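A quick write-up on the structure given underneath.
Each reported figure results from applying straightforward, stated rules to the coordinates on display, with no laboratory input. If you're wondering where the values come from, they're calculated on a predicted model, not measured in any experiment. Here Cβ is always computed from backbone atoms with ideal geometry, including for glycine, and neighbour counts include all displayed protein chains.
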Amino acid sequence: MNPPCARCGKIVYPTEKVSCLDKNWHKGCFHCEVCKMTLNMKNYKGYDKKPYCNAVYRLGSLRRSRHALT
């Protein structure tokens, strides 16, 4: 049986499947949570089982580290 997409909930067929972050995604649904940039296995960063682009991830890392210092 084909799994549902983590983003849209529709069935993901093998030809369009991206398996990442312990979830299955359509290629078009695998995008940054913030800026919606389309991602792939080479350019994503995962945080809390959600995909982010490098730019947004770096901004978030800075905010998290500054928050930890206060």
Amide H contacts of Tyr44 (H built 1.01 Å from N, under 5 Å, at least 5 apart or other chain): none
Sequence-distant aspartates and glutamates (8 or more away, or on other chains) whose Cα lies within less than 17 Å of Lys45: Asp22, Glu33
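Roughly how large, in nm² to one decimal, is the mean projection of the convex hull of the alpha-carbon atoms in the chain? List each step's numbers first, then the result.
Numbers: hull surface 20.2 nm².
Mean projected area of the Cα convex hull: 5.0 nm².
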Gaussian network model of the chain, springs between alpha carbon atoms under 10 Å - residue of Tyr52, Tyr13, Tyr44 with greatest fluctuation: Tyr13
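What longest range of the chain stays clear of loop-exposed trypsin sites (Lys or Arg not before Pro) (DSSP non-H/G/I/E/B, at most 12 other C-beta within 10 angstrom)? Please list the in-between numbers first.
Working: sites that count: Lys10, Lys36, Lys42, Lys49.
My reading of the result: 11-35 is the longest stretch.
Per residue of the chain, what 222 nm ellipticity follows from adding -39500 (n - 2.57) for every DSSP H run with n ≥ 4, rounded to the nearest 500?
Working: 1 runs with 16 residues, N = 70.
Value at 222 nm, helices only, nearest 500: -7500 deg cm²/dmol.
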Extended-chain gain in nm, criterion 0.36 nm per residue less alpha-carbon gap, Thr15 and Asn54: 11.4 nm
Proxy reagent accessibility, fewest Cβ within 10 Å first, across Leu21, Leu59: Leu59, Leu21
Crossing angle, helix 54-69 versus the chain [Cα axis fit, 0-90 degrees, rounded to tens]: 40 degrees
Cut-off 12 Å between beta-carbons: net charge of the residues surrounding Pro4, Lys and Arg +1, Asp and Glu -1: +4
